[in-house]
1. Starting from the range 244-264, keep only residues that are at positive phi, then list their pairs with residues that are at pLDDT below 90 and surrounded by 18 or more Cβ atoms within 10 Å (Cβ to Cβ) whose Cβ atoms are within a distance under 6 Å, requiring at least 6 positions of separation or different chains.
2. Checking residue 14 against (1) of a type in the set (Lys, Arg); (2) closer than 26 Å to residue 87 by Cβ; (3) at pLDDT 85 or above: exactly one of these is not met. Which one?
3. Report yes if some residue within the range 52-69 is in contact (Cβ under 8 Å) with a residue 60 or more places away in the chain and either surrounded by 15 or more Cβ atoms within 10 Å (Cβ to Cβ) or in contact with a Cys (Cβ under 9 Å, 6 or more places away or on another chain) (or both); otherwise report no.
4. Looking at 49, 70, 24 in this structure, which one is closer than 19 Å to residue 300 by Cβ, within 33 Å of the chain's Cα centre (by Cα) and not assigned by TED's automatic domain parsing to the domain that holds residue 115?
5. Any residue in the range 180-187 that is crowded, with 19+ Cβ neighbours inside 10 Å, more than 22 Å from residue 249 (Cβ to Cβ) and touching a Gly at 6+ places or on another chain (Cβ under 6 Å)?
6. Specify the residue that is surrounded by the fewest Cβ atoms within 10 Å (Cβ to Cβ); the eligible residues are those in the range 270-295 that are in contact with a helix residue (DSSP H, G or I) (Cβ under 8 Å, 6 or more places away or on another chain) and at pLDDT below 90.
7. Return the total of residues in the range 520-550 being within 15 Å of residue 482 (Cα to Cα) and either out of contact with any helix residue (DSSP H, G or I) (no Cβ under 9 Å at 6 or more places or on another chain) or loosely packed, with under 13 Cβ neighbours inside 10 Å (or both).
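The values are calculated or read from the model by the stated rules, or taken from the named source; none is laboratory data. None of these values were measured; they are calculated from a predicted model. With ideal geometry, Cβ positions are generated from the backbone for all residues, glycine too; neighbour counts draw on all protein chains shown.
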Amino acid sequence: MSLPPGFIDEIRTRLSLTQVVGRKVMWDARKSNQGKGDMWAPCPFHHEKTASFHVDDRKGYYYCFGCQAKGDAISFVRETENVSFMEAVEILAGEAGMQMPARDPRAQEKSDRRTLLAEVMEQAVQHFRLQLKTGGASAARDYLDRRGLSTAAQDRWEIGFAPDAWQGLWDALKAKGVEDDLILGAGLGKPSQKGGKPYDTFRGRIMFPIRDARGRCTAFGGRAMDPNDNAKYLNSPETELFDKGRSLYNHGPARTAAGKKGQPLIVAEGYMDVIALAEAGFGASVAPLGTAITEHQLAMLWRVADEPIIALDGDTAGLRAAMRLIDLALPALEAGKSLRFALMPEGQDPDDLLKSQGAGALQKLLDEAVPMVRLLWQRETEGRVFDSPERKAALDKNLRDKIKLIKDPSIRQHYGQEIKDLRWDLFRAKRAPAQRSGGWQPSKGKRGGSWQEPPTPMPSTKSSALAAGDEQVTAHLREMVILASLICSPTIAEDFESGLETLACADPDHAVLRDMILRHAHAGPEVLRENILNALGPDALDNLMGSRHVALVPCIRTPGDADTARMTVAEELAKINAAKGLDAEIADAVQDLEGVADEGVTWRLSQAAAAAANASQTSKEDSAEYDTGENGARMSKSERDAFASLMDQITFSKPGR
């Protein structure tokens, strides 16, 4: 409906924002100046200890310097009461003593009907509570006693009982003059399929009223007393008052406990879990009414707390529910809005844990609740073996697909970093360090052998080319070019992950640089360099980049040239692998020649030699255009000749020549 001009302004004139907000906060007397309408309080929208929530009465505006919540009286009521715009206006108009303007007849009729249905639900609450005190409810009272619910607790939660009678509630409501369509519309009765009298929806059940954020009873949950009943728990059908996917059990009191008392918001599975949690001091507890959490319920949770803790049962169903929730939450993640998961011990729910070990054990689980990214990793890796490149690639693809669901680029980047670290811990931890005795070591008495890197040199000699043979020097220089190229162009590192993981670095500093690239290259050059400096200090990076043969590499002279860097790294890796392959074949052939030699030995050697030659062909195929300097760098003949010609001109142009 449309409101007449000036109606909302009149509400704002009659009600001060301080008055509206004051119902939900405790003002900080030291910071506030009531005379000027300048008020401060801890924010009702997020947990904090300091007063960062500011209300300016003169402007009719509030703002939180902690969570950036802002708005006026209407937006405040909407957020704190979880109501629509028109409902917020109606609440404020009632407080201001103003009559709401006439609505569209059909809208007014719908509103009036909802009011009548809410009144019928309150009558049902009172009826069920009275029935719990009768002789026919002794078994229900015994059950509640066994669950540890005192009479006072039963009254606090307004727990009742529906006798096992077909028309018990129906007859009671009809005796009070309630019309049939209101009983049916409230979901309290069902029409007979045989043309008879309508019958009660709930029979032979312990009854739990379900109230919305404003405290109105909109539905019931019933726990069957008959152990053979197919439906252990039964909720009201969806009605004009009740939308199961947009409702939370204990929503209003939990919001108050989370906002005013700073308690963590706990999401359990059922009514009894919530009641047990609240009675044990965890008042900010809710349940999604026996269904998987919906997108609307997730938004409601985040309006109450930035990081709700999902405390699900420690069984297969509870774990499956947590995993489904991850897929729902990933696209909706925002900065500061996430979920944490506290999985109960196997076979227990929060109520069981509280009874067996007490509130301290539950608090410990809540304190140790894991962030969502860890549960995502657990889902994709638990019980699986990644003993092949194909399986590792499948894991990477699955995780990338999940991370792509995150819309916020900053959160997506942090998820990628966390997954990278977890992947590193999983795969690198399983790779045993090489026994460094140096060179190819043939196996005794059998074919083959293994490549072993040389021992770690002393600090005074490890950078000296004289400390190693020609082949080792060449491999060492190639490693330096690879590492320097990737540090200057880290965006290409992902293309060479498998090659880097198998790159055997004799120099321990090179091994650290390789590991830093694998872990942090995707975060960008600045983050990568910062981690290298933290791990090795500035000298290692300066020594690498300052080496003469590294400084002359084109992609090093122009950092960020990804295409050139990609070709350089691919070429150098191919040369290193080809050289290793040739060495392995030679060692294998030595073993074979001790036995009966055949043409297969010479053929394998020729193939390995050809592969090594092809790998190094790039540096030789244009030898007519390049010369190799004393330091091993390639020099363009045309550029060198032009430079020599220029020097000759300068020399002959000097006076006296």
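1. Listed pairs, sorted by first residue: 262/47.
2. The number of the failed condition is (3).
3. Within the range 52-69 (the criterion being in contact (Cβ under 8 Å) with a residue 60 or more places away in the chain and either surrounded by 15 or more Cβ atoms within 10 Å (Cβ to Cβ) or in contact with a Cys (Cβ under 9 Å, 6 or more places away or on another chain) (or both)), the answer is yes, since at least one residue qualifies.
4. Exactly one residue qualifies, and that residue is 24.
5. yes
6. The residue in question is 292.
7. Of the residues in the range 520-550, 2 are within 15 Å of residue 482 (Cα to Cα) and either out of contact with any helix residue (DSSP H, G or I) (no Cβ under 9 Å at 6 or more places or on another chain) or loosely packed, with under 13 Cβ neighbours inside 10 Å (or both).
A quick yes/no check of all residues on (1) exposed (fewer than 12 other Cβ atoms within 10 Å of the Cβ); (2) in contact with a helix residue (DSSP H, G or I) (Cβ under 6 Å, 6 or more places away or on another chain); (3) outside the structural domain of residue 205 (by TED's automatic domain parsing):
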position	(1), (2), (3)
112	yes, no, no
127	no, yes, no
130	no, no, no
133	no, no, no
138	yes, no, no
147	no, no, no
157	no, yes, no
173	no, yes, no
195	yes, no, no
